[in-house]
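**Student:** Got a structure for you, questions after.
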Amino acid sequence: MKKLLNNRISHLLFLCMMLIVTMLTSCNNEDDSNAAPVITAVRNYAASPNDTLVKTANTGQWVVIMGENLSNVTSVSFGGTMAELNTTFITDVSLVVQIPNIRYELISSEFHNEVRVVSKDGKVATYNLSSNILGPPIISRVRNYADAPSDTLVNVIVPGQKINLIGYNLRNATEISFQGIQIDTASVVYTDSSAVVQLPELEKFKDSNLALKNTIKYTTNFASATFKIKIDIPIIVDPFLELLTGGVGPGKIWALDIDADRKSTYFNAAILFAGKDIRWDKQCLSTPGGSPDPCFYYDPSGLEPWMPAGGNYGSMTFSVGETGTIVKVDQKLIDTKGNYEGFYALNFDAKTLSFTGIEPLNLGRNDIDWSMAYVISLTENTMQLGFRCTNKPELEIYNYVAK
């Protein structure tokens, strides 16, 4: 009887001990699950040996947040901007996440390099990267570069002026241009949130692209961005541009040199054919010969039976003014007939004429690159533009007359 009593007491003591152990274990697990997250490092998401500590972070980059108690993290932010979480990539000691696009202009600069995680019960851990998270360049405003109080915000800039571009991610620009005119980036002075630059002098703006009127283009190794601001430049119309446009005003109208009977006034026909290397004044860039000959020049009569049909193919008007360099096309007779408006850029040195948002007046032929023409000749009354064929190494040269 005594032995039976002792066994029962032993079993009872054993059960009590197991209950205590279970309770202690449960408490420890609960303590672990409620422990605050800790960030110890942020590494590049790459195979060894490239999984190094992040020194420079970019938006869109994948990283690994290292630490403790990360399995209960429900939100991650970089520079104050929430990132998208995938629970598949979360363990208690690591968290893989992509850095989001950051609206720098909406966030205080003190948070631009901060990594923040929050657990499901609201516990927070932060980690500061050694440098700000980089993204596309952003120009938010422009100041005159001068001592206070003359360093005012400006909405109009002029050639030769020194200005302070205020924004984000402006360091180490690879290209800065004003209306397409580049400046020497080696002369740029940077601060944490700005870049001090000087506009090109007035003389350089004679080659500016008025299709980019009032546009600053800013490029880094990461991306490019543009900023619109009025660039107060007197309209410069050199003699070459004046031949094309007639000067500042309503513009100059051009038509293909062909009538209803397929006859031409100044040329043999409205179109002729040439080697791919024919340029200004019919000069060839290479040595004649070979097949195909890059320097051939075939100027047939418009009365040849295979030449385009006669008729009024419409007109093309080139103008220059405050609104930029505008080209309007009134295309007739062909499938793409209609009225169109776009921009052009005339390069005097290269003798090229580029078109944006429009096809120049043409005869409806296929396999032609209409985006850029070589100016073969340009006078008060006539113009020849050579367009590259896309299916063979030749130019089709279109002959226009002023109306």
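Values in this text are rule-based calculations from the coordinates and carry no lab data. Since we're looking at a predicted model, the values are computed, not measured. Cβ: placed from backbone, ideal geometry, glycine included. Neighbour counts: every protein chain shown.
**Student:** How big, on average over all directions, is the shadow cast by the Cα convex hull of segment 38-128, in nm²?
**Tutor:** So the mean shadow area of the Cα hull is 5.6 nm².
**Student:** With unit charges on the beta carbon (Lys/Arg positive, Asp/Glu negative), name the residue among Leu70, Tyr297, Val327 whose Cα is farthest towards the positive pole of the charge dipole of the chain.
**Tutor:** Among Leu70, Tyr297, Val327, the one farthest towards the positive end of the dipole of the chain is Leu70.
**Student:** By the scheme Lys and Arg +1, Asp and Glu -1, what is the net charge of all other residues having a beta-carbon under 15 Å from that of Glu201?
**Tutor:** After counting each charged neighbour, the total is -1.
**Student:** Evaluate the distance, in nm, between pseudo-label points positioned 7 Å from the Cα of Ile235 and of Val124 along their respective Cα→Cβ axes.
**Tutor:** Placing both labels 7 Å beyond Cα along the Cβ direction yields 5.7 nm.
**Student:** For Glu359, Glu114, Glu201, which order do you get if you count the other beta carbons within 10 Å of each Cβ and list the fewest first?
**Tutor:** Ordered by Cβ neighbours within 10 Å, fewest first: Glu201, Glu359, Glu114.
**Student:** Here's another thing I want to ask about it. Two decimals is fine: what's Rg over Rh for segment 239-402, C-alpha atoms, Kirkwood radius as Rh?
**Tutor:** With Rh from the inverse mean 1/r over Cα pairs, Rg/Rh is 0.95.
**Student:** Nothing charged except the Cβ atoms of Lys and Arg (+1) and of Asp and Glu (-1): what's the magnitude of the dipole of the chain about its Cα centre? Round to the nearest 20 debye.
**Tutor:** 1220 debye
**Student:** Now, a different point. Would you please give the FRET efficiency between Leu285 and Ser140, computed as 1/(1 + (r/R0)^6) with r the Cβ-Cβ distance and R0 = 41 Å, to the nearest 0.05?
**Tutor:** For Leu285 and Ser140, the calculated efficiency is 0.35.
**Student:** Just to be sure I understand the model, the point goes 7 Å from the Cα along the line to the Cβ. What's the resulting Glu242 to Thr379 distance in nm?
**Tutor:** 1.8 nm
**Student:** Say R0 is 41 Å: what FRET efficiency, to the nearest 0.05, do Arg43 and Thr390 get from their beta-carbon distance?
**Tutor:** Given R0 = 41 Å and the Cβ-Cβ separation, E is 0.25.
**Student:** Peptides 149-156, 258-265, 331-338: what's the order by average Cβ count within 10 Å, highest mean first?
**Tutor:** Output ranking for 149-156, 258-265, 331-338: 258-265, 331-338, 149-156.
**Student:** Taking Lys276 as the anchor, which aspartates and glutamates have their alpha carbon closer than 17 Å to its alpha carbon, excluding any fewer than eight residues away along the same chain?
**Tutor:** Filter leaves Asp293, Asp299, Asp367, Asp369, Glu394, Glu396.
**Student:** Can I ask one more? From the alpha carbon gyration tensor of segment 359-403, can you work out the equivalent ellipsoid semi-axes (sqrt of 5 times each eigenvalue) and give them in Å, largest to smallest?
**Tutor:** They are 20, 11, 8 Å, listed largest first.
**Student:** Placing unit charges on C-beta atoms (Lys and Arg positive, Asp and Glu negative, everything else neutral), compute the dipole magnitude of segment 38-128 about its Cα centre in debye, rounded to 20.
**Tutor:** 40 debye
**Student:** Moving on. Give the residues of segment 163-193 whose amide nitrogen is closer than 18 Å to a point set 7 Å from the Cα of Glu105 in the direction of its Cβ.
**Tutor:** Only 164-171, 193 fall inside the zone, counting backbone N under 18 Å.
**Student:** Given the DSSP H assignment, sum -39500 (n - 2.57) over each helix run of at least 4 residues in the chain and divide by its residue total; what's the result at 222 nm in deg cm²/dmol, nearest 500?
**Tutor:** Per the formula, -3500 deg cm²/dmol.
**Student:** Rounded to the nearest 20 Debye, what is the dipole magnitude of segment 239-402 about its Cα centre when Lys and Arg each give +1 and Asp and Glu each give -1 at the C-beta?
**Tutor:** 80 debye
**Student:** Separate question: For Ser264, what charge total do you get from the other residues with a beta carbon under 13 Å from its beta carbon, if Lys and Arg give +1 and Asp and Glu give -1?
**Tutor:** That works out to -3.
**Student:** Follow-up question, since we're still on this one. To the nearest Å, what is the center-to-center distance of segment 340-382 and segment 40-76, using C-alpha atoms only?
**Tutor:** Answer, in whole Å: 52.
**Student:** Given points 7 Å out from each Cα along the Cα-Cβ axis, report the Trp62 to Asn86 separation in nanometres with one decimal.
**Tutor:** Each label point is offset 7 Å from its Cα along the Cβ direction, giving 0.7 nm.
**Student:** Stick to the Cα atoms of segment 138-231, pair each with every other, and give me the Kirkwood hydrodynamic radius in Å at one decimal.
**Tutor:** Final number for the Kirkwood radius of segment 138-231 is 13.2 Å.
**Student:** Give me the one-decimal Kirkwood hydrodynamic radius in Å for segment 183-330, with the sum taken over alpha-carbon pairs.
**Tutor:** Result for segment 183-330, one decimal place: 19.9 Å.
**Student:** Place +1 on the Cβ of every Lys and Arg and -1 on the Cβ of every Asp and Glu in the chain, take the dipole about the Cα centre, and give the residue among Ala350, Pro308, Pro149 whose Cα lies farthest towards its positive end.
**Tutor:** Pro149
**Student:** Could you point to the residue in Leu244, Ser108, Ile183 farthest towards the positive end of the chain's charge dipole, with +1 and -1 charges on the Cβ of Lys/Arg and Asp/Glu respectively?
**Tutor:** With unit charges placed on the Cβ atoms, the residue in question is Ser108.
**Student:** Which stretch or stretches of segment 135-172 have amide N atoms under 11 Å from the point lying 7 Å from Val189's Cα along the Cα→Cβ direction?
**Tutor:** 145-147, 163-164
**Student:** Given a Förster radius of 30 Å and the C-beta distance between Glu322 and Arg365 as r, what FRET efficiency does 1/(1 + (r/R0)^6) yield to the nearest 0.05?
**Tutor:** Here the calculated transfer efficiency is 0.25.
**Student:** Right, something else. Report the equivalent ellipsoid semi-axes for the chain in whole Å, largest first, defined as the square roots of five times the eigenvalues of the gyration tensor built from alpha carbon atoms.
**Tutor:** 71, 29, 18
**Student:** Order by neighbour count: Trp280, Trp62, Trp306, fewest other Cβ atoms within 10 Å first, most last.
**Tutor:** Sorted ascending by nearby Cβ count, the order is Trp306, Trp62, Trp280.
**Student:** Now for a separate question. Based on other C-beta atoms within 10 Å, arrange Leu95, Leu202 from fewest to most.
**Tutor:** Leu202, Leu95
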